[in-house]
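Written below as structure tokens is the structure these notes are about.
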Amino acid sequence: MLSASSTFPRRKKLVAGNWKMHGTRASVVALARAIRDGVAAVDTHAAADIVVIPASIHIPIVSDILAGSPLALGAQNFYPGDAGAFTGEVSLAMLKEFGCTHILVGHSERRQLLAESLALIAEKCWAVVNAGLTPILCVGETQAEREQGDTEKVIATQLCSVAKAVSTGTFRLYRHVVIAYEPVWAIGTGLTATPEQAQAVHAFIRNLVAHEEPEMEEQAASLRILYGGSVKASNAAALFAMPDIDGALVGGASLEAQEFLAIWRQAL
Ligand code: PEP
């Protein structure tokens, strides 16, 4: 079993806010400014990364607001093509031009509502890696899968379908990716996995990566694994105290600047 307190360097925590399809121009400006100013007021901000992920149409406005701030910018979606006849889509090159560094891939809402397949998610994840950006690859089981005892099987399938989509991909993938463990039953429901339930799955993921191929221990030890699912200021500290939880992917609570900043401060 890989020890979380190994000889490898400490993992820097990351708190990411997924704004989903929320906000008006005015509310997004106010939210981005408030988070930017809250980050600037903390002099140890380098101790934990923080990212906001607005809807695509709001990215240019937020990009301007964040100029010069340590607060990073992400995107919720893109199409894995360079350019061309893909009506309605945005490319990674377009997102990069506006300063996006982190890209969500495999969010359960896109798996379920937009029917994104394992193959498409793998293609998208590799497109992000190849573009030199950081994919935040979301994995997680439904309530029914948990009740059937299939949590580990589901997560292993979701991870391996990406790692094995490219020959010799495992080593390269885990050097670049951030994993977000998001039990589907905890997203937007107010139900949170207990710190112990989340830790058990995070440890499973780290061990899976460590043993997927020879000499993967170092990659596994430095891999950041976020927890997502109704994270709030009131439950973040207990989650972050777990040895394999390296931050959070936050939905609802990231739409309120002071609540989101309070979550991030607990990661410092
Ligand atoms: C999410 O959308 O990734 C998420 C975790 O949402 P919430 O925090 O609202 O559960």
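This table checks each residue for (1) over 19 Å from Gln158 (Cα atoms); (2) outside any helix (DSSP H, G or I); (3) in contact (Cβ under 8 Å) with a residue 40 or more places away in the chain; (4) away from the ligand (no atom under 16 Å from the Cβ).
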site	(1), (2), (3), (4)
His58	yes, no, no, yes
Ile65	yes, no, no, yes
Pro70	yes, yes, no, yes
Leu73	yes, yes, no, yes
Gly84	yes, yes, no, yes
Met94	yes, no, no, yes
Leu114	no, yes, no, no
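Of the residues making up the range 186-199, those that are more than 10 Å from the ligand (Cβ to nearest atom) and in a helix (DSSP H, G or I) are Pro195, Glu196, Gln197, Ala198, Gln199.
For the range 155-168, the criterion of being within 27 Å of Met21 (Cβ to Cβ), assigned to a loop (DSSP other than H, G, I, E, B), at pLDDT below 95 and not basic (Lys, Arg) is met by no residue. Quick check on Arg172: is it closer than 21 Å to Pro80 by Cβ, part of a helix (DSSP H, G or I) and modelled with pLDDT of 95 or more? Judged against the criteria, Arg172 is not a match. The single condition from (1) under 20 Å from the mean Cα position of the chain (by Cα); (2) among the charged types (D, E, K, R); (3) modelled with pLDDT under 95 that Lys12 fails is (3).
When the range 237-251 is filtered for residues that are touching a Pro at 6+ places or on another chain (Cβ under 9 Å), of a type in the set (Gly, Ala, Ser) and assigned to a loop (DSSP other than H, G, I, E, B), only Ala241 remains.
Among the residues of the range 200-223, the one identified as at pLDDT below 95, open to solvent by less than 40 Å² (accessible area, probe 1.4 Å) and part of a loop (DSSP other than H, G, I, E, B) is Met216. Contact map, the range 174-189: first residue acidic (Asp, Glu), second residue within 10 Å of the ligand (Cβ to nearest atom), Cβ cut-off under 8 Å, separation 6 or more or different chains; pairs are Glu182/His107; Glu182/Ser108; Glu182/Cys138; Glu182/Gly140; Glu182/Tyr227; Glu182/Gly228; Glu182/Gly229; Glu182/Leu249.
Taking the range 46-75 as the range and being within 15 Å of Asn18 (Cα to Cα) and open to solvent by 40 Å² or more (accessible area, probe 1.4 Å) as the test, the residues that pass are Asp49, Ser56, Ile57. For Gln197, which of the numbered conditions (1) open to solvent by 10 Å² or more (accessible area, probe 1.4 Å); (2) touching a residue at least 24 places away in the same chain (Cβ under 8 Å) fails to hold? Tallying (1) open to solvent by 10 Å² or more (accessible area, probe 1.4 Å); (2) touching a residue at least 24 places away in the same chain (Cβ under 8 Å), Gln197 fails exactly one: (2). Evaluation of Cys125 against the conditions (1) surrounded by fewer than 20 Cβ atoms within 10 Å (Cβ to Cβ); (2) closer than 22 Å to Val15 by Cβ shows that the sole unmet condition is (1). From the list Ser234, Ser230, the one residue that fits, being without any contact (Cβ under 8 Å) to a residue 24 or more places away in the chain and either within 15 Å of the ligand (Cβ to nearest atom) or assigned to a strand (DSSP E or B) (or both), is Ser234.
Among all positions in the range 96-106, there is at least one residue which is over 23 Å from Gly251 (Cα atoms), open to solvent by 60 Å² or more (accessible area, probe 1.4 Å) and at pLDDT 95 or above.
In the set (1) within 12 Å of the ligand (Cβ to nearest atom); (2) under 17 Å from the mean Cα position of the chain (by Cα), the condition left unmet by Arg206 is number (1).
Condition check ((1) open to solvent by 20 Å² or more (accessible area, probe 1.4 Å); (2) of a type in the set (Lys, Arg); (3) more than 20 Å from Gly106 (Cα to Cα)) across all residues:
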residue	(1), (2), (3)
Ala131	yes, no, no
Glu147	yes, no, yes
Leu159	no, no, no
Arg172	yes, yes, no
Thr189	yes, no, no
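The values are calculated or read from the model by the stated rules, or taken from the named source; none is laboratory data. In this text, all values refer to a predicted model and were calculated from it rather than measured experimentally. With ideal geometry, Cβ positions are generated from the backbone for all residues, glycine too; neighbour counts draw on all protein chains shown. To get the accessible areas, we keep the full protein, side chains included, count just its heavy atoms, and leave off ligands, DNA and RNA. Shrake-Rupley method; radii C 1.70, N 1.55, O 1.52, S 1.80 Å.
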